1. Looking only at segment 1-32, filter to residues that are at pLDDT 85 or above and part of a loop (DSSP other than H, G, I, E, B); which one of those is surrounded by the most Cβ atoms within 10 Å (Cβ to Cβ)?
2. Answer with yes or no whether Leu619 is at pLDDT below 75 and within 41 Å of the chain's Cα centre (by Cα).
3. Where residues in segment 239-255 are within 19 Å of the chain's Cα centre (by Cα) and of a type outside the set (A, V, I, L, M), which of them is farthest from Val377 (Cα to Cα)?
4. List the strands (runs of 3 or more DSSP E) that sit entirely inside segment 226-322 and contain at least 2 residues that are in contact with a strand residue (DSSP E or B) (Cβ under 8 Å, 6 or more places away or on another chain) and closer than 16 Å to Pro371 by Cβ.
5. Given (1) touching a Gly at 6+ places or on another chain (Cβ under 8 Å); (2) in a loop (DSSP other than H, G, I, E, B), identify the lone condition not met by Leu359.
6. What's the number of the only condition in (1) buried (at least 19 other Cβ atoms within 10 Å of the Cβ); (2) outside any loop (DSSP other than H, G, I, E, B) that Thr148 fails to meet?
7. Does segment 381-439 hold any residues that are part of a loop (DSSP other than H, G, I, E, B), open to solvent by less than 10 Å² (accessible area, probe 1.4 Å) and free of Cβ contacts under 8 Å to residues at least 60 places away in the same chain, and which are they?
8. Considering segment 154-172 alone, what residues qualify as being in a loop (DSSP other than H, G, I, E, B), modelled with pLDDT of 95 or more and surrounded by 13 or more Cβ atoms within 10 Å (Cβ to Cβ)?
Amino acid sequence: MALVPVRSDLTEDIRHATCTNCRSIAFEQIFSLRDIRKHKGGIFVHDLSYSAVPTCAVCQLLTKMKSTHSDHSTKHNWRLVARSAAQRFSQHLPDTTILTVDPRPNIPTSRTTCFLLSTNGVDCLSGRLLSNTVDWEIVKTWMATCKTHHSKHCGRTDFSQIPGFRVIDCKTRMIVTVDSSHVEYVTLSYVWGQGNDERTSGNELPNELPRTIDDSIRVVNFLGYHYLWVDRYCIPQDNIAEKTKLIDCMGLIYENSAFTIIATAGEDPTYGLPGAGSTSRTPQSYVQVGAQFVTMFSTTAIEEITTSKWNTRGWTYQEALLSRRKLVFSEQGVIFQCGAMHCIEDLSVPTLSLHTKNLQQYRADFDMPKPFPSRGVGERPVELFDRISEYCRRDLTYEDDVGRAFQGVYQKFMRMKYPVAQFHGIPLFAPEYFQPERHSITDRFFHGFAWTIFGPAARRHGLPSWTWMGWKLEQKSALRLSLPGRRTTSGRQLEFGSYDAITLLSVEYIDRKVVPWAQVQQGIVQNTGADYPPVNLRLVGMLFDIELSKDGDSYVNHSWPSQGWDGFPRPEHVQFHFKKKKNFKVPCLVVMQTHTVVVVLLLVEVEEGRYERVGSSSLYWWSSAYGGLSTTSQIETIEGIALRREQIRLG
């Protein structure tokens, strides 16, 4: 590493502001370095192995930077290193200096997440000093850049009129009915909280509003907009029919808004929006050395969003995912993200320089963490399972809201080139998404039915196990489709293989009425059906049992050739039903097959004749004599395992 000379011409006031060690750090000289990218490992600036002085502002800032490392033990040989902003963030940035505090030599620049930045830069990456109030002019600039240049990714594409659409007029603070297809409005995403169910009186807001709603009205006015949509006031809470219609439109409401205010700070609407009203923000970390202001930038603001109460709630998932523009208020500042760029309040960047030539989006090489996916729900139908997996980790006050709070996401997938229909959460991919094409709704249903959970999960109370809506995942768990697909060069990008459904199906509703699948699938085609969800599926097919025993953290399979299993659950997958059992049988229902593979549901019998699913798996038939199963198969054994034809109720 090259060495930066120690600066000696410090003024007396700076000497008093810093300790002897920090006084020798030549900040102005360091930040004036150019062509730093040729030093791939950075340039050694200063040894930081000395003890921090409590009264030294620079020491305290450097100590705070050390604490951002996962292992910030004092035993490290800490060092201050100058690095290239272009090398760390984007080759399209000017090659200016950023400073990192490293616990050991030769840490790759790409792995650094906390930096010291000068605020003196112009048209380059630099720090920005924050006050306790948001700089609304900066936010307006971000919004204007998006509106002017991002029509492809952020332009409004749906101009549907939502009957009975009401908003808050932020000038008069009255609730008014407007034409949603033409009026520009702002939406609010926040944590509803407990016991916050105040009602409006006609078209008037309550005299005392929760601070978050009051601050949101201020934001709308500050940014030059007129109308704000907030569910608790704009959805009539005492008109069930009207309430249901508007809740079913919430996906469109957020998708069509000019932008969404996201309140991630606090745990209920009484907290407020930091920097927008009376709610203060976390003081920014910076020091002044002469005329040089040096700020600390880290990814903690984004981490604050991802660890917030707001980010655990079920309803807020689609509110953020579907919004074209998001203005996030956290304790540490404001973050703006649209479908093409993201901006952080305490970081100044040459925004247009980071765009592609047509200015439609940021360049792909801009490596700055962002809190939300760039492309909303995704661009391919199969990405639906990624969204389901993310959503299933969320909490709901009323668990029977699980389908309704995800409905806007499903509606978005319904409007894709290859639309995805659904039957109570089970996706039915378009016929064109299969090779060869599958027009049978039965085949398409069972393909969407073949999901499994990887990691611990719990059952959602009162909801059936056969749909993903009946499961709540832990944070590190995932729900994935267990069918192998294949990539193609066509617009579909991924196709499912030719699996044939070999199980008969009918649907049992809460009134015990059993409806034949032929009648149910007609309702799917016409986008109609029962107003209440099914309780059980009635399935007729071939079952067999697998004998398992627990051996430490894995299961030993005593029935099936070990090389024939693909993805049988680890212990945590079935622990919900088998917590204390060491030896047990798992009933398996064959639902689909190819000439070499069968797809089975893994079941547990919860009462006589009634089962719940605990996963799905693919099994490989190794016998060359196997000719396949059908809905009328009379085969009694395969690979030495006894088969039986049964009708089961799957709840």
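The values are calculated or read from the model by the stated rules, or taken from the named source; none is laboratory data. Computed from a predicted model, the values in this text were never measured in an experiment. In this analysis, Cβ positions are derived from the backbone assuming ideal geometry, glycine residues included, and neighbour counts consider all displayed protein chains. Side chains included, ligands, DNA and RNA excluded: accessible areas come from the protein's heavy atoms. Shrake-Rupley method; radii C 1.70, N 1.55, O 1.52, S 1.80 Å.
1. Ile25
2. yes
3. Tyr254
4. Per the criteria, 259-263, 292-298.
5. Of everything listed in (1) touching a Gly at 6+ places or on another chain (Cβ under 8 Å); (2) in a loop (DSSP other than H, G, I, E, B), Leu359 misses just condition (1).
6. Unmet for Thr148, out of (1) buried (at least 19 other Cβ atoms within 10 Å of the Cβ); (2) outside any loop (DSSP other than H, G, I, E, B): (1).
7. Of everything in segment 381-439, those that are part of a loop (DSSP other than H, G, I, E, B), open to solvent by less than 10 Å² (accessible area, probe 1.4 Å) and free of Cβ contacts under 8 Å to residues at least 60 places away in the same chain turn out to be Val420, Gly425, Ala430.
8. Phe165, Cys170
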